[in-house]
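Below is one structure, written out as structure tokens; the observations come after it.
The values are calculated or read from the model by the stated rules, or taken from the named source; none is laboratory data. Please read all numbers here as calculations on a predicted model, not as lab measurements. Note: ideal-geometry Cβ built from the backbone for every residue, glycine included; neighbour counts use all protein chains shown. Just the protein is used for accessible areas: all its heavy atoms, side chains included, with ligands, DNA and RNA removed. Shrake-Rupley method; radii C 1.70, N 1.55, O 1.52, S 1.80 Å.
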Amino acid sequence: MAPLGDGAVAAAASPNLVVSFGEMLIDFVPDVAGVSLAESGGFVKAPGGAPANVACAISKLGGSSAFVGKFGDDEFGHMLVDILKKNGVNAEGCLFDEHARTALAFVTLKSNGEREFMFYRNPSADMLLTEAELNLDLIRRAKIFHYGSISLITEPCRSAHVAAMRAAKAAGILCSYDPNVRLPLWPSQEAARTGILSIWKEADFIKVSDDEVAFLTQGDANDEKNVLSLWFDGLKLLIVTDGEKGCRYFTKDFKGSVAGFSVNTVDTTGAGDAFVGSLLVNISKDDSIFHNEEKLREVLKFSNACGAICTTQKGAIPALPTTAAALELIAKSGN
């Protein structure tokens, strides 16, 4: 279970490094659209896992990213780490476990547009990362430390997550949280709500979807009172993504919304990760956007474009946009 010696170390010297922490897995997607998992005759494998998608999105947009997580010492685990490296992500923080498998998920987009998930991780290698195995040196080199909530579900990964987050905070690194709710993985809805909110006030900025606002507050996501119930002193930025409608933003000093882009949507997988990756690239270069509304709106328009482009083809990582593609969509739409 030694760390990988040949990780892409170019990111090490970057002053704008974003370190993503958590899970990377294989998504098996039906080769025919609009069917349930049971009805599907065949599946195509695709790399998945929100924190890894974010790391790849950052790299594709010209940013500097690294990933910290654990993989099974199996064909799929080695394939995933190779994908990270090929996408320009620093893999120094990646480990292999000889005794556990790489996580698998079967994901389908049913004809009603709803995604259906079935997970195989009992336990998978990502859940077994321990505090002692963390590459804290890599985390402390970051400008931003980014994470989700799936790594909070079970021990020992939960303790490793909390230790990594505390090390980042102690080093003055900005903490970014996208809870990325996946209810089938939690013991119950209440456990999910409690677990996700248990580290809520550690973050400097948080991105949630409108569905996640509804889940966490048990109220209407369009009602600003419910959104603001998630605000706390010390938070620099709260973003609510509203699908194709765009996003809403809240800071201590200002709030507003930025319109989305109309595109031909094929698969929404990874759209939120493309949005987050784009946001983090821009914050890592210039964190004055927390205080400058005009700059923030420009960044969010770009992030909306990145999220929209990601929905126009299947799979998350293959669909992640380049800066040029996002700028082209903005120019074309005249937003």
Pair list, Cβ < 6 Å and 6+ apart or interchain, from segment 104-123 residues that are on the phi < 0 side of the Ramachandran plot to residues that are part of a strand (DSSP E or B) and among the hydroxyl-bearing types (Ser, Thr, Tyr): Leu104/Tyr120; Glu116/Thr108
Residues located in segment 1-41, provided they are modelled with pLDDT of 95 or more, touching a Ser or Thr at 6+ places or on another chain (Cβ under 6 Å) and either open to solvent by less than 40 Å² (accessible area, probe 1.4 Å) or not in a loop (DSSP other than H, G, I, E, B) (or both): Leu17, Val18, Gly22
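Residues to consider are Ala214, Ala163, Ala221; find the one that is surrounded by 15 or more Cβ atoms within 10 Å (Cβ to Cβ), among the small types (Gly, Ala, Ser) and in contact (Cβ under 8 Å) with a residue 24 or more places away in the chain.
Step by step, each of Ala214, Ala163, Ala221 is checked, and only Ala163 is surrounded by 15 or more Cβ atoms within 10 Å (Cβ to Cβ), among the small types (Gly, Ala, Ser) and in contact (Cβ under 8 Å) with a residue 24 or more places away in the chain.
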Residue match in segment 106-129 (condition: basic (Lys, Arg), open to solvent by 70 Å² or more (accessible area, probe 1.4 Å), assigned to a loop (DSSP other than H, G, I, E, B) and farther than 30 Å from Glu244 by Cα): no
The one condition in (1) surrounded by 20 or more Cβ atoms within 10 Å (Cβ to Cβ); (2) in contact with a His (Cβ under 8 Å, 6 or more places away or on another chain); (3) in a loop (DSSP other than H, G, I, E, B) that Val276 fails to fulfil: (3)
Residue match in segment 207-219 (condition: part of a loop (DSSP other than H, G, I, E, B), modelled with pLDDT of 95 or more, under 19 Å from Pro179 (Cα atoms) and touching a helix residue (DSSP H, G or I) at 6+ places or on another chain (Cβ under 6 Å)): yes
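Do we find a residue being more than 19 Å from Thr251 (Cβ to Cβ), assigned to a helix (DSSP H, G or I) and not polar (S, T, N, Q) anywhere in segment 295-306? Break it down into steps so the answer makes sense when it comes.
Applying the first criterion (more than 19 Å from Thr251 (Cβ to Cβ)) to segment 295-306 yields 305-306.
Cutting the leftovers down to assigned to a helix (DSSP H, G or I) gives us 305-306.
Filter again for not polar (S, T, N, Q), leaving 305-306.
Yes - at least one qualifying residue is present in segment 295-306.
Take the residues of segment 47-101 that are in a helix (DSSP H, G or I) and in contact with a Phe, Trp or Tyr (Cβ under 8 Å, 6 or more places away or on another chain): which is most open to solvent (accessible area, probe 1.4 Å)?
Here is the first cut: in segment 47-101, the residues in a helix (DSSP H, G or I) are 50-60, 75-86.
Narrowing the set further to residues that are in contact with a Phe, Trp or Tyr (Cβ under 8 Å, 6 or more places away or on another chain) leaves 51-52, 55, 77-78, 80-81, 84.
Numbers: Pro51: 4, Ala52: 0, Ala55: 0, Gly77: 0, His78: 75, Leu80: 0, Val81: 3, Leu84: 0 Å².
The extreme case among them is His78.
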Residue check for Val44: part of a strand (DSSP E or B) and more than 24 Å from Met127 (Cβ to Cβ): yes
Lone unmet requirement of (1) assigned to a helix (DSSP H, G or I); (2) within 30 Å of Phe106 (Cα to Cα) for Asn264: (1)
Selected residue (only one of Arg193, Arg140 is over 23 Å from Lys285 (Cβ atoms), basic (Lys, Arg) and touching a helix residue (DSSP H, G or I) at 6+ places or on another chain (Cβ under 7 Å)): Arg193
Qualifying positions in segment 302-335 - of a type in the set (Ser, Thr, Tyr), surrounded by fewer than 21 Cβ atoms within 10 Å (Cβ to Cβ) and at pLDDT 95 or above: Thr322, Thr323
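So which of Thr269, Thr251 ends up being farther than 26 Å from Pro15 by Cβ and of a type in the set (S, T, N, Q)? Before you say what the answer is, go through the steps one by one.
Details: Thr251 fails: farther than 26 Å from Pro15 by Cβ.
From the options Thr269, Thr251, the qualifying one is Thr269.
Here is a list: Val299, Val240. Which entry is without any contact (Cβ under 8 Å) to a residue 40 or more places away in the chain, within 13 Å of Ile330 (Cβ to Cβ), hydrophobic (A, V, I, L, M, F, W, C) and open to solvent by less than 30 Å² (accessible area, probe 1.4 Å)?
Working: Val240 fails: within 13 Å of Ile330 (Cβ to Cβ).
Checking each option against the conditions leaves just Val299.
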